[in-house]
Every structure is written in C-alpha cells, then in structure tokens.
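Shown next, in structure tokens, is the structure this report addresses.
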Ligand SMILES: [Zn+2]
C-alpha cells in the first residue's frame, strides 16, 4: 500500500462499491497502483495520476462469462466492447465442444461449427497485448474431430 503522499496511478472516486464478498454495498473510493487495488475507502484528497469519477455508478469486480462462443469476436473485435460494457472482463470459449481452435483458415465448417462465422476469420485483427477482456480459449472436441476428419478426407482424396 502506498503512503498517503504517493500518487495512485488511478483513483476511482464517488462510486458505490459492490466488492463481490457479499458485504453490503457502500460508498468507497478505490486507489490503483501498478494495475492492482492499493487502497479502498475514503481517499478524498489523495494524489493520483489519473482520476475517474464514478458518481452515481456501481464499481464492482468484472464478471466471468464461463460459456461463450466469442472465438470469432476475439479475432474480429478484440476490444470486445459488447462484453466490457456489460461488466464482463473474462470469457471462456470452447467448453461445449465448439471452438475455432485448432481449425485453420480454409477448413470447412460443418454445423455447429459454422456458428462461429468463419468468414469473419479472414478479417482478424491483432489481439492487443493487454486486451480489455481476458480470454480462456479451449480447443474444443468438435473442432479437433472436424480437423482430423478433414485432413483424413484430404489424404484419402489425394490417393484416388
Ligand atoms: Zn456453447
């Protein structure tokens, strides 16, 4: 915890904190240093390099969306504003058998893999070094099976 003279990198002030511990909501400021919460409470008057006025807003930990099909979204819109705007900071994809990984460009996608919008893979953007949403992307069983079958089909076709 920094001393009271050391500035926070970010001070979120004026918000109502719901901290995820089942404690009642309360008015509290949050001081952040090096990407971590350094202090919580009445931090009025404490120096900060940057401040964010959260008056009238809820301040809470990010939500984990544990079952998504966001593989394609991660590639085409890495900032994922549709998740961040809902408070989602972590997504997990591929856990129900559908994933882009380990498919390759040009791999035909039978149902249900076509739900992933293969055409959008062609316009993939670089994933930011520090994306706003943490991604846990699994290589799903259906995608692996599809890739193996597609490779085997190509090998068999090459023999004839
Ligand atoms: Zn699913």
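The values are calculated or read from the model by the stated rules, or taken from the named source; none is laboratory data. In this text, all values refer to a predicted model and were calculated from it rather than measured experimentally. Glycine gets a Cβ as well: all are built from the backbone with ideal geometry, and neighbour counts include every protein chain shown.
Return only the number of the condition from (1) over 11 Å from the mean Cα position of the chain (by Cα); (2) in a helix (DSSP H, G or I); (3) within 16 Å of the ligand (Cβ to nearest atom) that residue 97 does not satisfy. Against the list (1) over 11 Å from the mean Cα position of the chain (by Cα); (2) in a helix (DSSP H, G or I); (3) within 16 Å of the ligand (Cβ to nearest atom), residue 97 comes up short only on (2).
Taking the numbered list (1) in a loop (DSSP other than H, G, I, E, B); (2) loosely packed, with under 15 Cβ neighbours inside 10 Å; (3) modelled with pLDDT under 75 in turn, residue 109 passes all entries but (2). Note on the stretch 66-105: residues that are in contact with a helix residue (DSSP H, G or I) (Cβ under 9 Å, 6 or more places away or on another chain) and free of Cβ contacts under 8 Å to residues at least 40 places away in the same chain total 4.
With respect to residue 127, determine if the residue is surrounded by fewer than 13 Cβ atoms within 10 Å (Cβ to Cβ) and modelled with pLDDT under 80.
Answer is yes for this residue.
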